[in-house]
Amino acid sequence: MSCVLALSFHPAFYPPKSGGEERLYNIYNNLSRHFKVKLVTFTYPNAENSVERVNHNENFTEIRIPKTKVSAIFHHFINRCSDIKECSAVVTSIESRFNRNFKKVLEAEIGNADTVIFVYPFLYTVPGRLLNGKKIIYESHNLEYELMKEAFSNSFLGKFLLAYVFYLEKSLSTKSSFIFAVSEENKAKFSSLYGIGKNKVYVSPNGVNPDVYNGFFKENSALSGSGICVFIGSYHPPNIEAIENIKKVALQMPNNLFYVAGNVSQYFINSDLVEKTDLEVHNIFSRQKITLADGFYGVEYWDSVPTVWCRPEFRIKVSEAVESLELKAYSPEDKALKAGTGDRSISFSLKAGWNPVRIEDLKNKSLDLLFECEPFKNDTRPLGIAIQEITYSENGNTFKFDLSQGSNQLYALKKAKNVIFLGRVSDEEKQALYRAADIALNPMTSGSGTNIKMLDYMAAGLPVISTPVGARGLNLENYENAIICDIPDFPVKINQILSDSKLYSKISSNGRRTVKDNFDWSKIASEMVRVLGQT
């Protein structure tokens, strides 16, 4: 069995939480049926700066390299000197030139590889001597230069970084034995932008695992009558723009709810564009024993551990079954923390660093716990403490609250209160959301490649209303397997499909069939194996 070494600037977390993670995991998990796969990725920093090895299966090992302070310094510099929202790919590319762990792992692993696949161009920083005699492949998710062009063209620093991306992508495209592109459109653009012969570029589309939704599809192929529209997206500039388009639609449709899930929520939750909402989520998600009710920022990751900063005043709601509550709290300085439990007030003296905050005797009280402390003065945001862990007891047993899930606390746009942000959701919560929704939206007006979210919606039987940009590369037919229109037409199309059950059922069924026939990850990987074998 021949060996493949693949390089990606982000990990293949499982279960995946973004389109990039989903493609990365599914492609190489399927390729490992035919090759011995080593995937080298960059991940969150950790205190020991230790490399992590994850065995996804007996033929698929992922080696995760922790980022260092180099990334933090460059992120800070770019944020101070430009308006670029997302630059982790470029920053990781720069970090890879200095990261000792990355160099050591490459030296150890590349000698065993027959083929080196660059997933994205950003890690094409590998010394040329290590690539001598290797088959080099560029497995592109996008045309990265084109994707970044709009966001990076508004400052001198952005233009410099954009030129760097152009250099990397053109160099890799030229050096590669061949390129995988996600669509025919991207294949043509590789030719026109970099002068690459079309016979060197093979189409390997994005996909989905449709069997996950086999039973679910039967439940979801008819109108529920909720009128709920859903959008799921990662923290990615084109997705942020899509939310602005959803706001325009929502303002014209005040009686409909528009739910936004995924990491794109964090951009808005961490801004002053939203406000806390007490709206019930139509019982989409099961009732929580612990609710982060008010005064919390979005989830961050410290040494890969989910962590949430709180405002100087924050509120946690506990159900009447909870007997005690304990927080692992970080204070940037010595300060007092007060907790009001309705009939009593408790004071805690916090030291700079990590502190346990424990409150007893809560059972049968269904309390709102109000916490107050002095604000931290050395930050642009009003900060109180950070929480990294919440545990609670019930019937003598101890449970851990999952801070990584964002559905616990809801926010709405201030100027369009029917646009609700659910945050990051689990696979189970995503399916619950799909069950509750009637329509999926993809109002993207920029970007490159193809959208995995489109395929996920269609596999679940949700009719999709998309812009032409959102539907790019999928060869969809308007009014057959999706509705494709411009943003100003979204309200009319939403009302049309909600009022026509036959049209709804037709698009739902045809969309599902399209995905099964053309966008199944196992079939996509099988075609990649064929190409890898013949070139």
- request: Answer with yes or no whether G215 is modelled with pLDDT under 90, over 24 Å from the mean Cα position of the chain (by Cα) and assigned to a helix (DSSP H, G or I).
  value: yes
message: Any residue at all in region 104-116 that's within 24 Å of the chain's Cα centre (by Cα) and either at pLDDT below 95 or crowded, with 18+ Cβ neighbours inside 10 Å (or both)?
response: no
task: With respect to K400, determine if the residue is among the basic types (K, R), at pLDDT 90 or above and open to solvent by 60 Å² or more (accessible area, probe 1.4 Å).
output: no
Top-ranked residue of region 11-68 - restricted to ones that are among the acidic types (D, E) and either touching a strand residue (DSSP E or B) at 6+ places or on another chain (Cβ under 7 Å) or crowded, with 21+ Cβ neighbours inside 10 Å (or both), ranked as modelled with the highest pLDDT: E62
- request: Could you tell me whether region 413-420 includes any residue that is touching a strand residue (DSSP E or B) at 6+ places or on another chain (Cβ under 9 Å), among the charged types (D, E, K, R), surrounded by 21 or more Cβ atoms within 10 Å (Cβ to Cβ) and at pLDDT 90 or above?
  value: no
- prompt: Consider V91 against the criteria (1) open to solvent by less than 10 Å² (accessible area, probe 1.4 Å); (2) in contact with a helix residue (DSSP H, G or I) (Cβ under 7 Å, 6 or more places away or on another chain); (3) not basic (K, R); (4) not in a helix (DSSP H, G or I): it satisfies all of them except one. Which criterion is unmet?
  reply: (4)
field: Counted residues, region 122-144 - those being more than 26 Å from the chain's Cα centre (by Cα) and part of a helix (DSSP H, G or I)
entry: 4
- prompt: What do you reckon, is D489 free of Cβ contacts under 8 Å to residues at least 40 places away in the same chain and charged (D, E, K, R)?
  reply: yes
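Table: residues versus (1) modelled with pLDDT of 95 or more; (2) within 21 Å of the chain's Cα centre (by Cα).
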site	(1), (2)
E146	no, yes
K159	yes, no
F180	yes, no
V208	no, yes
D211	no, no
H236	no, yes
query: If you scan region 12-32, which residues turn out to be hydroxyl-bearing (S, T, Y) and part of a helix (DSSP H, G or I)?
result: Y25, Y28
Residue in region 161-178 that is nearest to the chain's Cα centre (by Cα), counting only those that are farther than 28 Å from S82 by Cα and of a type outside the set (A, V, I, L, M, F, W, C): S173
task: Write out, first by first residue and then by second, each pair whose Cβ atoms fall under 8 Å of each other, whose residues are 6+ apart or on separate chains, and whose first residue, in region 126-146, is closer than 27 Å to P237 by Cα while the second is assigned to a loop (DSSP other than H, G, I, E, B) and among the β-branched types (V, I, T).
output: S140/V182; H141/V182; N142/V182
- prompt: Going by the conditions given, is I73 of a type in the set (V, I, T) and open to solvent by less than 30 Å² (accessible area, probe 1.4 Å)?
  reply: no
- line: Of the candidates K338, K351, K317, the one satisfying the condition of being of a type outside the set (G, A, S) and exposed (fewer than 12 other Cβ atoms within 10 Å of the Cβ) is K351
message: On the basis of being among the polar types (S, T, N, Q), under 26 Å from F102 (Cβ atoms) and buried (at least 19 other Cβ atoms within 10 Å of the Cβ), does S183 make the cut?
response: no
- prompt: Quick one: which of A471, A460 is of a type in the set (A, V, I, L, M, F, W, C) and touching a Phe, Trp or Tyr at 6+ places or on another chain (Cβ under 6 Å)?
  reply: A460
statement: If we ask which residues in region 320-335 are open to solvent by less than 20 Å² (accessible area, probe 1.4 Å) and either under 13 Å from Y392 (Cα atoms) or assigned to a loop (DSSP other than H, G, I, E, B) (or both), their number turns out to be 4
- prompt: Of the residues that sit in region 364-397 and are over 20 Å from Y267 (Cα atoms), at pLDDT below 90 and in a loop (DSSP other than H, G, I, E, B), which one is most open to solvent (accessible area, probe 1.4 Å)?
  reply: K377
- line: Within region 513-535, the residues that are open to solvent by less than 20 Å² (accessible area, probe 1.4 Å) and under 20 Å from L455 (Cβ atoms) are V515, F519, W521, I524, A525, M528
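The values are calculated or read from the model by the stated rules, or taken from the named source; none is laboratory data. None of these values were measured; they are calculated from a predicted model. Methodologically, a virtual Cβ is constructed for each residue, glycine included, from the backbone with ideal geometry; neighbour enumeration extends over all protein chains shown. For the accessible areas, the whole protein counts, side chains as well, though only heavy atoms, and no ligand, DNA or RNA atoms are used. Shrake-Rupley method; radii C 1.70, N 1.55, O 1.52, S 1.80 Å.
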